[in-house]
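What follows is one structure encoded as structure tokens, with my remarks underneath.
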Amino acid sequence: MRALDAALGFIAEASRITALTGAGISTESGIPDFRGPQGVWTRDPEAAKLVTLSAYVSDPAVRRQAWRSRGEHPAWTARPNAGHEALVRLDRAGKMVAVVTQNIDGLHQKAGHDPARVVEVHGTLFEVECLSCYERTTMRAALDRVEAGEEDPACLACGGILKSATISFGQQLDRAVLLRAMTLASESDLLLAVGTSLQVHPVAGLVDIAYDVGARVVIVNAEPTPYDGLAVALLREPIGEVLPALVADL
Ligand code: NAD
């Protein structure tokens with residue numbers, strides 16, 4: 001049986017789907033992933049420094065570069081694609097418990113997904129957080145200061161280093177957010193991993209959690225992942241084609 005037909009059957013039988021999404025669901029919206037063939041790090045391994053906490057904290061040049069790149073991030077203008085919209089449809093059909101996303105681009109919410117059922121385990125580009133006092137403000141306000149000439153704007157409350165409210169390498173995930181994602185995975189009957197290389201832990205471990213409670217694992221990703229062996233269906237075609245096909249009959 002074709003993998004798509006098998007996956008359609010599994011979706012039809014499921015009622016508590018958790019989608020675990022990664023950068024690959026947004027490439028068709030014009031936001032490059034990190035590790036795919038056209039990925040940011042595949043093309044420029046040095047770019048990983050911008051999202052490494054120790055380099056960001058210790059090197060003002062890295063912070064200045066990070067602030068410039070935040071203003072130019074394609075997420076500011078990107079539109080959701082057919083993949084994001086298909087997950088909204090799955091949700092509205094009453095089949096989903098949540099989307100757990102590693103993405104920071106807000107495109108699930110822009111597509112119309114109920115924000116209460118979108119868990120952003122790696123944070124959001126649209127807020128900034130002080131690394132000292134944890135004060136949160138909007139990214140827009142911080143970028144206004146950058147555009148007004150501050151190359152590395154400091155926290156207005158305490159003078160500490162500001163960073164996008166995203167999880168960098170070397171930075172702990174928010175425990176409450178991670179716990180929520182783990183609970184959702186453990187309550188699922190189907191884990192739909194979409195556009196993620198499943199190389200980043202602890203998020204990739206959500207697949208183990210779902211599998212261990214008996215959920216089926218369906219993976220939609222162009223390239224192999226370390227979790228392919230657990231999957232009951234593997235779909236390698238473009239996400240913007242596969243996800244609409246999976247929800248077409250709902
Ligand atoms: P990743 O870059 O490690 O993997 C993305 C995977 O998606 C790759 O295996 C690639 O082959 C696949 N892919 C890309 N486009 C596809 C398509 N159209 N159809 C099918 N498969 C496709 O991404 P990750 O696992 O999410 O880990 C990277 C980390 O960086 C995460 O924390 C992620 O949130 C973050 N990130 C986020 C964004 C964003 O918010 N859009 C962009 C880049 C990186």
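The values are calculated or read from the model by the stated rules, or taken from the named source; none is laboratory data. All values derive from a computational prediction rather than experimental measurement. Using ideal geometry, Cβ is built from the backbone for each residue, glycine included, and neighbour counts are taken over all protein chains shown. Note: areas computed on protein heavy atoms with side chains; ligands, DNA, RNA excluded. Shrake-Rupley method; radii C 1.70, N 1.55, O 1.52, S 1.80 Å.
Laid out as a table, the results:
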read-out	value
Some residue of the range 122-137 being over 20 Å from L53 (Cα atoms), outside the structural domain of S26 (by TED's automatic domain parsing) and in contact (Cβ under 8 Å) with a residue 24 or more places away in the chain	no
All positions within the range 187-209 that are away from the ligand (no atom under 16 Å from the Cβ) and open to solvent by less than 10 Å² (accessible area, probe 1.4 Å)	S188, L190
Test: A23 is in the same structural domain as I219 (by TED's automatic domain parsing), on the phi < 0 side of the Ramachandran plot, of a type outside the set (D, E, K, R) and away from the ligand (no atom under 12 Å from the Cβ)	no
In the range 28-47, residue least open to solvent (accessible area, probe 1.4 Å) [restricted to those that are near the ligand (Cβ under 10 Å from one of its atoms) and in a helix (DSSP H, G or I)]	S29
Every pair of residues 6+ apart whose Cβ atoms lie under 8 Å, when the first sits in the range 12-37 and is over 13 Å from P238 (Cβ atoms) while the second is part of a strand (DSSP E or B) and open to solvent by 60 Å² or more (accessible area, probe 1.4 Å)	A14/R216
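Yes/no per residue for (1) of a type in the set (G, A, S); (2) at pLDDT 95 or above; (3) under 22 Å from the mean Cα position of the chain (by Cα); (4) surrounded by fewer than 19 Cβ atoms within 10 Å (Cβ to Cβ):
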position: S132; (1), (2), (3), (4): yes, yes, no, yes
position: A148; (1), (2), (3), (4): yes, yes, no, yes
position: D152; (1), (2), (3), (4): no, yes, no, yes
position: L156; (1), (2), (3), (4): no, yes, no, yes
position: A165; (1), (2), (3), (4): yes, yes, yes, no
position: L178; (1), (2), (3), (4): no, yes, yes, no
position: A181; (1), (2), (3), (4): yes, yes, yes, no
